[in-house]
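**Student:** Dropping the structure in here first, questions after.
The values are calculated or read from the model by the stated rules, or taken from the named source; none is laboratory data. Given the structure is predicted, the values throughout are model-derived calculations rather than measurements. FYI the Cβ positions are ideal-geometry reconstructions off the backbone, even for glycines, and counts take in every protein chain you see. Surface accessibility is based on the protein's heavy atoms, side chains included, excluding ligands, DNA and RNA. Shrake-Rupley method; radii C 1.70, N 1.55, O 1.52, S 1.80 Å.
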Amino acid sequence: MNILGIETSCDETAAAIYSNGGLLSHTLHSQVALHAEYGGVVPELASRDHVSRINPLIREVLAQAGLTAGQLDGVAYTAGPGLIGALMVGASVAAGIATAHGLPLIPVHHMEAHLLAPMLETPHPEFPFLALLVSGGHTLLVSVRGVGRYEILGESLDDAVGEAFDKTAKLLGLPYPGGPYLAKLAEGGRLSGAWKFPRPMTDRPGLDFSFSGLKTAVLTALPRAQNDQDRADLAWAFQEAVTDTLAIKCMRALEQTGLEQLVVAGGVGANRRLREKLGELAQRQGLRLYFPRHEFCTDNAAMIAYAGWARRSEGRAPTGKLFTTPRWAISELLPPTPVIA
């Protein structure tokens, strides 16, 4: 069963093909250079760039996989959440291919695809597991019992962790996209008593997050950063506060659920310091820890193709209804409907 995946939710245009034997091909075009001069994603520019890029990328992955469109068994696309104009580009192309070749159309929830991205790796987790989902706009702790079987245990009450990284990077005068640049700056940082930031909401029960206060703490501290080393030390202290907070909440969630596998997905999952801390936690507690490879932490079509394949293989073929939605809670998802003979 060969599933084409299409991703156009924000500022990456991507296509991939997943089959029963694994990932056959994937490719991606990033719009970072396009949006850099504006300091953030411009929705209209993103949509227009998707229009020009998506069809050549689809042709490329078909050629890499040695397939024609007629040999596909379904077309999965990101239906939401995301920028509505960008989503509509991918959805329209997916619908055109599905209609032309009589294929099932499979709308995919972007966050579900991130949760399932570690399934692209070997070894990969088995259900059930705890997932820390840390993408640009979302910070979630989720109990994952199976495809479509998700229980949100905790979430950010304000800024997501990716937003906190990007906004703090902007305060430090770093280029767009800020998160990776802040992490790079922090590599030259050191422990310094001059910068002490809180670990938000770790001093009370619960699994929710709040990161907007950390951004304010950086803003307050910034006038005291007199040189490049001070800025690196400040970035290091901020990153330590964020990663400590995430590790503490993960440990708390694992204890509450009794789960013994931890999956980390989303763009911030590529952060080296976060990987180190969660690796230390896993070693101490005897847990199994899973990350997607770096290229599958950020938005990509491989995870979309896999999510579409998982739903297509576990349940009845979708109805083929085309839809997109910029807001879509993962708690609204249901497991695949079993095929009834």
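**Student:** Nearest 5 percent is fine: what portion of the DSSP beta bridges confined to the range 1-85 is antiparallel? Mind dumping the intermediate values first?
**Tutor:** Working: 13 of 17 bridges.
So the antiparallel bridges amount to about 75 percent of the total.
**Student:** Next up: Find me the longest stretch of the chain that has none of the exposed trypsin sites (Lys or Arg not before Pro), where exposed means in a DSSP loop (not H, G, I, E or B) with at most 15 other Cβ atoms within 10 Å.
**Tutor:** Within the chain, the longest run free of exposed trypsin sites (Lys or Arg not before Pro) spans 1-189.
**Student:** Could you compute the net charge surrounding residue 27? Neighbours are other residues with a C-beta less than 12 Å from the C-beta of residue 27; K and R count +1, D and E count -1. If you can, show how the numbers build up before the last one.
**Tutor:** Details: positive: 53, 59; negative: 7, 12, 60, 295.
Every neighbour counted, the sum reads -2.
**Student:** Contour minus end-to-end for residue 227 and residue 208, with contour as 0.36 nm per residue of separation and end-to-end as the Cα-Cα distance? Walk me through the numbers before you get to the answer.
**Tutor:** Working: separation 19, 0.36 × 19 = 6.84 nm, distance 3.52 nm.
Gain in length upon complete extension: 3.3 nm.
**Student:** Okay, next question. Need one number: convex hull volume per residue for the range 123-205, Cα atoms only, in Å³. Before the final figure, lay out each step's value.
**Tutor:** Values: hull volume 13.5 nm³, N = 83.
For the range 123-205, the hull spanned by Cα atoms encloses 163 Å³ per residue.
**Student:** Normalised by the residues of the range 61-135, what does the relative contact order come to in percent, with Cα pairs under 8 Å and at least six apart? Mind showing how you got there, number by number?
**Tutor:** On the way: 63 pairs, mean separation 22.3, N = 75.
Answer for the range 61-135 is 30 percent.
**Student:** To continue, here is another question. Out of all DSSP beta bridges in the chain, what portion is antiparallel? Express it as a percent rounded to 5. Don't skip to the end; give the middle numbers.
**Tutor:** On the way: 25 of 42 bridges.
Given both bridge residues lie in the chain, the antiparallel proportion sits at roughly 60 percent.
**Student:** Here's something else I'd like to know. Within 9 Å, Cβ to Cβ, of residue 106, how many net charges do the neighbouring residues add up to if Lys/Arg are +1 and Asp/Glu are -1?
**Tutor:** Details: positive: 311, 312; negative: none.
Overall, the nearby charge balance is +2.
**Student:** Just from its helices, what would the mean residue ellipticity at 222 nm be for the chain, if runs of 4 or more DSSP H residues each count -39500 (n - 2.57) and the sum is divided by every residue, rounded to the nearest 500 deg cm²/dmol? Write out the running numbers ahead of the final one.
**Tutor:** Working: 10 runs with 141 residues, N = 341.
It comes out at -13500 deg cm²/dmol, rounded to the nearest 500.
**Student:** Just how many % of Cα pairs in the range 1-155 lie over 29 Å apart, if you round to the nearest whole percent?
**Tutor:** The calculated P(r) of the range 1-155 puts 20 percent of pairs beyond 29 Å.
**Student:** Once Lys and Arg get +1 and Asp and Glu get -1 on their Cβ, which of 287, 111, 3 lies farthest toward the positive end of the dipole of the chain?
**Tutor:** Final value for the positive-end residue is 287.
**Student:** Charges at C-beta only: +1 for Lys and Arg, -1 for Asp and Glu. How large is the resulting dipole of the range 201-341 about its Cα centre, in Debye rounded to 20? It would help to have the intermediate numbers written out before the result.
**Tutor:** Working: 18 positive and 15 negative charges, 88 e Å.
The dipole of the range 201-341 has a size of about 420 debye.
**Student:** What is the Cα centroid distance between the range 116-191 and the range 1-66, reported in whole angstrom?
**Tutor:** A separation of 21 Å, based on Cα centres.
**Student:** In units of 2.2 N^0.38 Å, what is the alpha-carbon radius of gyration of the range 21-88?
**Tutor:** Details: Rg = 14.2 Å, N = 68, 2.2 N^0.38 = 10.9 Å.
Scaled against compact globular proteins, the figure is 1.30.
**Student:** Let me spell out the model: positive unit charges on the Cβ of Lys and Arg, negative unit charges on the Cβ of Asp and Glu, origin at the Cα centre of the range 5-123. What dipole size does that give, in debye rounded to 20?
**Tutor:** Details: 3 positive and 10 negative charges, 55 e Å.
For the range 5-123, the charge dipole is close to 260 debye.
**Student:** Per-residue accessible area for residue 187 at 1.4 Å probe radius, Å² rounded to 10?
**Tutor:** Rounded to the nearest 10, the figure is 100 Å².
**Student:** Now for a separate question. Loop-only check: which GluC sites (Glu not before Pro) in the range 9-115 are DSSP coil with at most 10 other Cβ within 10 angstrom? Spell out each step's value before the answer.
**Tutor:** Details: sites: 12, 37, 44, 60, 112; in loops: 37.
Sites meeting the loop and neighbour criteria: 37.
**Student:** Using 16 Å as the cut-off for backbone N distance, which residues of the range 270-309 belong to the label zone defined by a point 7 Å from the Cα of residue 248 along Cα→Cβ?
**Tutor:** Flagged as within label range: 277-278, 281.
**Student:** Right, next: So, counting K/R as plus one and D/E as minus one, what does the shell of residues with Cβ under 12 Å around residue 176 add up to? Don't jump to the answer; show the numbers that get you there.
**Tutor:** Working: positive: 167, 170; negative: 11, 37, 166.
Here the count lands on -1.
**Student:** Any idea how far apart residue 219 and residue 256 come out in nm if each label point goes 7 Å out from Cα toward Cβ?
**Tutor:** 2.9 nm
**Student:** How large is Rg/Rh for the chain, to two decimals, with Cα atoms and a Kirkwood Rh?
**Tutor:** Details: Rg = 20.3 Å, Rh = 20.6 Å.
Radius of gyration relative to Kirkwood radius: 0.99.
**Student:** Counting Lys and Arg as +1 and Asp and Glu as -1, each charge on the Cβ, what is the dipole of the chain about the Cα centre in debye, to the nearest 20?
**Tutor:** Roughly 220 debye, rounded to the nearest 20.
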